[in-house]
Amino acid sequence: MLTLKRLFSTSHPSVDLKEMKKFQRLAHKWWDEEGEYSALHSMNDIRVPFIRDTLLNMSSNYHLGNPLSGVKILDVGCGGGLLSEPLGRLGASVTGIDPLEDNIRTADQHKSFDPVLAKRIQYKSSSLEEIVEESMETFDVIVASEVVEHVADLEMFIKCCSRVLKPEGSLFITTINKTQLSYVLGIVVAEKIMGIVPEGTHEWEKFVPPEELERLLESNGLSVKTVNGMLYNPLSGSWSWMESTSVNYAMHAVKSGLQGQSSPTDVPSEMESEQPSATAGTTM
């Protein structure tokens, strides 16, 4: 246990200080739906149903009004709470963490407008590594949406995700593939030509191919169940699902259960065997 403490709590190597400086400048802009984060706002139209429907297909016990009631979710790199809030509205108990204090201040302020969310969501200025020791196998679900392409040490990040996730828990990731097309669309077009996101938001070298992400997940006890491509239409400002993962993609993985016990998630659900029906996705 002492080794574990030393490994996870003496430093936070997954946090990239250069990336933090980028987002520091925009900490007050999270809830401007027409601003720098507009693509993330519209991505909720597909990522929230993807998370909700996948979880409901894995469970036979849910409440109609609050389908995610009783589900403990960790939103890693929560920013201003753009994804935490809709998950909280679905009934989940959400913990949002972000290393930037200004992001957490923005998130806290926004949730305070809704008394229901104020009870269901708690935000904490923290890196993932800092909460590992106190949160071992605590969460039913982890979401890391548009985060892994910004971390400094992806292997450590995935290791920490696995540590705080319960056995048979779900990890949802959305990110950007490392291809020539993702460079053209994600950086040249999105940043330099159309200004969909601020220039310098992304570094192509840090984009993550799904094969690499799957390898890291599986080496940390997680089994990938679903990989779906996502497409952003800058003209309509909306996201949609697509077969190709050459630019943006969403991934769902499940942590293995206790040894000797079979996991109900080993059986592919209808959701996982078909293309998602929701429309809209993200690039941040």
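The values are calculated or read from the model by the stated rules, or taken from the named source; none is laboratory data. All figures in this text were calculated on a predicted structure; none of them were measured in a lab. Counting neighbours? That spans all protein chains shown, and the Cβs are built from the backbone with ideal geometry, glycine included. These area figures cover heavy atoms from the full protein model, side chains too; ligands, DNA and RNA do not enter into them. Shrake-Rupley method; radii C 1.70, N 1.55, O 1.52, S 1.80 Å.
Output yes when any residue across segment 18-26 is under 23 Å from GLU149 (Cβ atoms), of a type in the set (A, V, I, L, M), modelled with pLDDT under 90 and surrounded by 18 or more Cβ atoms within 10 Å (Cβ to Cβ), and no when none is. The answer is yes, given that some residue of segment 18-26 is under 23 Å from GLU149 (Cβ atoms), of a type in the set (A, V, I, L, M), modelled with pLDDT under 90 and surrounded by 18 or more Cβ atoms within 10 Å (Cβ to Cβ). When restricted to residues that are in contact with an Asp or Glu (Cβ under 8 Å, 6 or more places away or on another chain) and either on the phi > 0 side of the Ramachandran plot or among the acidic types (Asp, Glu) (or both), segment 20-71 contains 0. Taking residues in segment 153-180 that are farther than 16 Å from ALA250 by Cα, and partners anywhere that are surrounded by fewer than 18 Cβ atoms within 10 Å (Cβ to Cβ) and of a type in the set (Val, Ile, Thr), the pairs with Cβ atoms closer than 9 Å and at least 6 places apart or on different chains are VAL164/THR138; LEU165/THR138; LYS166/THR138. If you check ASP153, ASP98 for being among the acidic types (Asp, Glu) and closer than 20 Å to TYR37 by Cα, only one passes: ASP98.
Condition check for SER38 on (1) open to solvent by 10 Å² or more (accessible area, probe 1.4 Å); (2) more than 24 Å from GLU19 (Cβ to Cβ); (3) of a type in the set (Ser, Thr, Tyr): one failure, at (2). Among the residues of segment 68-110, those that are more than 27 Å from LEU17 (Cβ to Cβ), assigned to a helix (DSSP H, G or I) and open to solvent by 20 Å² or more (accessible area, probe 1.4 Å) comprise PRO86, ARG89. Assess whether ASN44 counts as being open to solvent by less than 40 Å² (accessible area, probe 1.4 Å) and either in a helix (DSSP H, G or I) or of a type in the set (S, T, N, Q) (or both). Yes; evaluated as a whole, the condition is true for this residue. Please go through (1) closer than 22 Å to PHE139 by Cα; (2) at pLDDT 95 or above for PRO209 and return the number of the only condition it doesn't satisfy. Tallying (1) closer than 22 Å to PHE139 by Cα; (2) at pLDDT 95 or above, PRO209 fails exactly one: (1).
The residues of segment 170-187 that are open to solvent by less than 50 Å² (accessible area, probe 1.4 Å) and modelled with pLDDT of 85 or more, listed by number, are SER170, LEU171, PHE172, ILE173, THR174, THR175, ILE176, ASN177, THR179, SER182.
Only helices (runs of 4 or more DSSP H) whose full extent lies in segment 151-254 are considered here, and the ones with at least 3 residues that are among the charged types (D, E, K, R) and within 27 Å of PHE23 (Cα to Cα) are 154-164.
Figure legend. Inter-residue proximity from segment 90-110: first residues under 17 Å from TRP31 (Cα atoms) and touching a residue at least 12 places away in the same chain (Cβ under 8 Å), second residues assigned to a helix (DSSP H, G or I) and open to solvent by 30 Å² or more (accessible area, probe 1.4 Å), beta-carbon distance below 8 Å, spacing 6+ or different chains. Indicated pairs: LEU100/MET20; LEU100/PHE23; LEU100/GLN24; ASP102/GLN24; ASP102/HIS28; ASN103/PHE23; THR106/HIS28. Please find, among ASN248, ASN228, ASN233, the residue that is at pLDDT 50 or above, surrounded by fewer than 19 Cβ atoms within 10 Å (Cβ to Cβ) and over 13 Å from SER170 (Cβ atoms). Going through ASN248, ASN228, ASN233 in turn, just one is at pLDDT 50 or above, surrounded by fewer than 19 Cβ atoms within 10 Å (Cβ to Cβ) and over 13 Å from SER170 (Cβ atoms): ASN233. Screening the candidates GLY221, GLY200 for the property of being open to solvent by 20 Å² or more (accessible area, probe 1.4 Å), farther than 19 Å from ILE73 by Cβ and in contact with a Ser or Thr (Cβ under 9 Å, 6 or more places away or on another chain) yields one hit, GLY221.
Quick one: is GLU149 acidic (Asp, Glu), touching a residue at least 40 places away in the same chain (Cβ under 8 Å), closer than 22 Å to THR174 by Cα and surrounded by fewer than 19 Cβ atoms within 10 Å (Cβ to Cβ)? It is false that GLU149 is acidic (Asp, Glu), touching a residue at least 40 places away in the same chain (Cβ under 8 Å), closer than 22 Å to THR174 by Cα and surrounded by fewer than 19 Cβ atoms within 10 Å (Cβ to Cβ).
Give the residue that is least open to solvent (accessible area, probe 1.4 Å), with candidates limited to residues of segment 115-139 that are among the charged types (D, E, K, R) and within 27 Å of ARG89 (Cβ to Cβ). Selected residue: ARG120.
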